[in-house]
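The values are calculated or read from the model by the stated rules, or taken from the named source; none is laboratory data. It should be emphasised that the depicted structure is a prediction, and the values quoted were computed from it without experimental measurement. Note that each Cβ is placed from the backbone with ideal geometry, even for glycine, and that neighbours are counted across all protein chains shown. In case anyone asks, the SASA skips ligands and DNA or RNA and just uses the protein heavy atoms, side chains included. Shrake-Rupley method; radii C 1.70, N 1.55, O 1.52, S 1.80 Å.
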Amino acid sequence: MKRADSNNSGSDPALDGLFEAIDHVELGTRSEAIGRVTQVADGLAHVSGLGSARLGELLAFENGARAFVLNLEVDSIQAVLLDSVEGVEAGASVRRLHELASVPVGEGLLGRMIDPLGRVLDEGDPVEAAAHEPVERPAPAIIDRDFVSEPVETGILVIDALFAIGRGQRELIIGERATGKTAIAVDTIINQKDTDIVCVYVAIGQRASAVRRAVDAIREKGAADRCIFVVAPATAEPGLRWLAPFAGMTIAEYFRDRGQHALIVLDDLTKHATTHRELSLLARQPPGREAYPGDIFYLHARLLERAAKLSPEKGGGSLTALPIAEIEAGNLSAYIPTNLISISDGQIVLSNQLFAANQRPAVDVGMSVSRVGGKAQLDALKSVAGRVRLDYAQYLELRVFSRFGGFGDETLKRRIAHGERIGALLAQRRFSPLRPVDQIALLAALDAGALDHVPLEAIDAVKDALPAIIDSAPDLAAFRDKPGDMDDATRAALVECVRQAAASAGRVAN
Ligand SMILES: Nc1ncnc2c1ncn2[C@@H]1O[C@H](COP(=O)(O)OP(=O)(O)OP(=O)(O)O)[C@@H](O)[C@H]1O
Ligand SMILES: [Mg+2]
């Protein structure tokens, strides 16, 4: 359309604006496929008439509610609702939005709590996104990956010393209900407060109170500025719960792909599997083992494969994943746990019995493993941690027999006393992380027998007193800041610090 005299001076500015707007109106015909809801139940809608829709694409219902395409069938598609099902009824019209389900990504998300579509859940303003990225993205190619070589420090002695986690690794945290799974993940996030690792905590199907507790702990300890919370609690639509881990991965990948380092906690994938089963059964997918659909392995494999250490050519960034899984009655060989164990690079197994016996974190040293983290572990830590696992395992066996009594043998008694000290060292209260140098000192002292006469109840006090003593030792300053090779003198100095800590704990026996 042409307009007359529009550039003439003196024309009415309001009219100009109108012409301007008209200029941008696209005239012509437009065709749009409109589908119809044929069935809707429990967050899943069957839609006919949208044959060209793609997997993962967003759809909009006539009341504005959104859904994403989960399955394509010959004459209908199945879409999972991302908003309340209220107002979406059979017969309602549906249209394609021609975009994939996506999330905002970027530095602007740090410290924020969002849902898996990026909608704000905290009190703040809308998030400032650098971009929007689809929640499903391909995993890095093999050629673009590098070996895991740098550690993620959890600050938890039993993990850093015995089951070290490397940047880019996928380490499963698995255990029964209320055995401290979330606690380990949250303490690890808090320990990244002063590192270059950005954390993403994804809550899937959790009770709102549990989410609150985790988020509050991270905020209180001042680690929230380096953390992004992606939350789809138990009360969220099934579609949001399904999307949550994928959305979290996309958010974390933003940092990985820029040469930075990220850590994602998926709390927990058992609930994600249950959501997937619920949706698949509603979609009448054929149920397989334990009624899970056949693609559950692929679902979690493609999710966790996105965690990786990238090659220097790709910027050298990393994305470490800590998926969490819940088991029932100690059954590690149920379907989902075995799947997840085989997909990840190791597992931290938490034991009900240990938790009940007050050994916390209740890590089952015999069942846990880290398949790649050892290569990333500090040499000094590796050298002092070498024998701990075996000694502890032997002690646990001995302890069972010693219950029968009659063990007068001095060597056995000493071994049991040593094992008890390992147990006490590996136990750690919450929110009391140990730096690598503290860990090395404690294990070196254990090895040197410097803890053998410290009463078990005093071990925590030794741990508390130790950091200040190490900090005040001038010849240890370099090693403290960068624990590299440990010579004999350094080792002796570290052991001496632990002796002093034991003395200042004031309770050295005899
Ligand atoms: N190292 C620890 N020292 C003392 N208490 C701990 C420790 N770790 C966990 N707890 C306590 O144990 C309880 C259960 O922990 P948490 O909620 O982390 O377990 P969970 O396995 O994630 O539970 P759920 O199955 O409900 O998700 C919490 O009250 C927590 O504070
Ligand atoms: Mg938990």
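Worth pointing out:
- Each Lys or Arg adds one and each Asp or Glu subtracts one; over the other residues with Cβ under 10 Å from the Cβ of LEU279, this totals 0.
- Chain lengthening between LEU412 and GLU328 when straightened (0.36 nm per residue, less Cα-Cα): 26.6 nm
- The range 114-377, relative contact order in percent, only Cα pairs under 8 angstrom and at least six apart counted: 31
- Efficiency of FRET from Cβ geometry, SER84 and ASP464, R₀ 56 Å, rounded to 0.05: 0.65
- Heavy-atom accessible surface of the chain: percent carbon and sulfur, 1.4 Å: 52
- Over the range 114-377, the Kirkwood radius and the radius of gyration, each from Cα atoms, give a ratio Rg/Rh of 0.94.
- Residue-averaged 222 nm ellipticity for the chain, from DSSP H runs of 4+ at -39500 (n - 2.57), nearest 500: -10500 deg cm²/dmol
- Percent antiparallel among DSSP beta bridges (both partners in the range 114-377, rounded to 5): 25
- Neighbour net charge for ALA232 - beta-carbon separation under 10 angstrom, K R +1, D E -1: 0
- Residues of the range 437-452 with amide N under 13 Å of a point placed 7 Å along Cα→Cβ from ASP194: 437-438
- Cα-based helix-to-principal-axis angle, 208-220 vs the chain, degrees rounded to 10: 70
- Computed on the range 200-300, the Cα convex hull volume stands at 98 Å³ per residue.
- The chain: relative contact order as a whole-number percent, Cα under 8 Å and 6+ apart: 14
- For the chain, DSSP calls about 55 percent of its internal beta bridges antiparallel.
- For the range 443-460, Karplus couplings with θ = phi - 60° (6.51, -1.76, 1.60), whole Hz, Gly/Pro x: 6, 5, 5, 4, 5, 7, x, 6, 9, 4, 9, 7, x, 4, 5, 8, 4, 4
- Segment THR338..GLU32, full-extension length gain: 105.6 nm, with 0.36 nm per residue of separation and the alpha-carbon distance subtracted.
- Cα-based helix-to-principal-axis angle, 410-426 vs the chain, degrees rounded to 10: 30
- Computed from backbone phi, the HN-Hα couplings of the range 428-437 come to 8, 5, 6, 6, 10, x, 10, 6, x, 5 Hz, rounded to whole numbers (Karplus: 6.51 cos²θ - 1.76 cosθ + 1.60, θ = phi - 60°; Gly and Pro given as x).
- Distant-in-sequence amide contacts of THR320, defined by a placed amide H-H separation under 5 Å and a gap of 5 or more residues or a different chain, comprise GLY168, ALA262, LEU263, ILE264.
- Within straight-line cross-link reach of LYS375, lysines at Cα separation under 28 Å, skipping those fewer than 8 residues along the same chain: LYS181, LYS193, LYS309, LYS314, LYS463, LYS482
- Square roots of 5 times each gyration tensor eigenvalue, C-alpha, the chain, largest first, Å: 53, 28, 18
- Across the range 182-194, coupling constants 3J(HN,Hα) worked out from phi with the 6.51/-1.76/1.60 Karplus curve, θ = phi - 60°, read 4, 4, 4, 5, 5, 4, 5, 4, 4, 5, 8, 3, 10 Hz, and Gly and Pro carry x.
- Mean separation of Cα contacts under 8 Å, 6 or more apart, over the residue count of the range 383-504: relative contact order %: 29
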